């Protein structure tokens, strides 16, 4: 028997989220260009069909409604990069200067040239970082989730979306899953704070955050002489920012671990957060998490409450 999810009229606006759509492509290689994205999403009816699926067949279970946002011409935003730029980033170098760069060092080794596939976390970070460089006003909006669609392939992943920190607001869908509707609900569920239905290695995630916190603290200690003379130094600012990010990430995983109490065998449920080709449901506790995150990180930021 079905169940109703009811909320007060005044709360309905809490769950509306804008989602700018970005095509992230290799601009000098047609086999990894925008046309591939159009072909793949065309198999399910295109962007409008994806938006309709989210609003009427998946996220609507949590009363969440999304609106895809496009550029001034009504088309997806574009992020283009060349193979040479990917090479530079893969070596930890700034793609404009060709020199080693602190901000680009975290992308080092993101590309396995033997398989022509990418590490999902690093390429996701690269795409979001680059879009922030070319379109900072859009990336800095606290109220939106940015959805990146890319013809790139990732090792063992159809999509990537950071659950932590809880204010993370970007999601990537890779080539293999561009034409798979449930993937969009799955990835946006992660951005809204919902983990997989199967067991997660939270201890490993927290340990990784701890390691990075220590690295940032040591970096700041090493940078003390520079910080005393110039507190606005780029490396000092970046180290503080990453320390804050990893501290928030650790706290987020500890919080998620506390409410993630129900686990099932991988592939054994019809839940959107399982790995199943025909998912159809969110559990009530997942719905409450998504509603809370939507209100706290999107509605609240937009309306300054």
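The values are calculated or read from the model by the stated rules, or taken from the named source; none is laboratory data. Worth saying up front: this structure is predicted, and the values here are computed from it rather than measured. Here Cβ is always computed from backbone atoms with ideal geometry, including for glycine, and neighbour counts include all displayed protein chains.
Mind checking whether some residue in region 57-67 is under 22 Å from residue 139 (Cα atoms) and surrounded by fewer than 18 Cβ atoms within 10 Å (Cβ to Cβ)? Looking for residues that are under 22 Å from residue 139 (Cα atoms) and surrounded by fewer than 18 Cβ atoms within 10 Å (Cβ to Cβ), one finds at least one in region 57-67, hence yes. Is it the case, given these coordinates, that residue 189 is in the same structural domain as residue 44 (by TED's automatic domain parsing), in contact with a helix residue (DSSP H, G or I) (Cβ under 8 Å, 6 or more places away or on another chain) and surrounded by fewer than 22 Cβ atoms within 10 Å (Cβ to Cβ)? Criteria not met by residue 189.
Scanning region 243-267 for residues that are modelled with pLDDT under 85, under 25 Å from residue 278 (Cβ atoms) and loosely packed, with under 15 Cβ neighbours inside 10 Å yields a single hit, 262. Condition check: assigned by TED's automatic domain parsing to the domain that holds residue 57, surrounded by 18 or more Cβ atoms within 10 Å (Cβ to Cβ), within 16 Å of residue 120 (Cβ to Cβ) and free of Cβ contacts under 8 Å to residues at least 24 places away in the same chain. Does residue 161 satisfy that? It is false that residue 161 is assigned by TED's automatic domain parsing to the domain that holds residue 57, surrounded by 18 or more Cβ atoms within 10 Å (Cβ to Cβ), within 16 Å of residue 120 (Cβ to Cβ) and free of Cβ contacts under 8 Å to residues at least 24 places away in the same chain. With the requirement that a residue be assigned to a loop (DSSP other than H, G, I, E, B) and either modelled with pLDDT under 95 or surrounded by 13 or more Cβ atoms within 10 Å (Cβ to Cβ) (or both), what does region 73-97 give you? 76, 82, 91, 92, 94, 95, 96, 97, listed by residue number.
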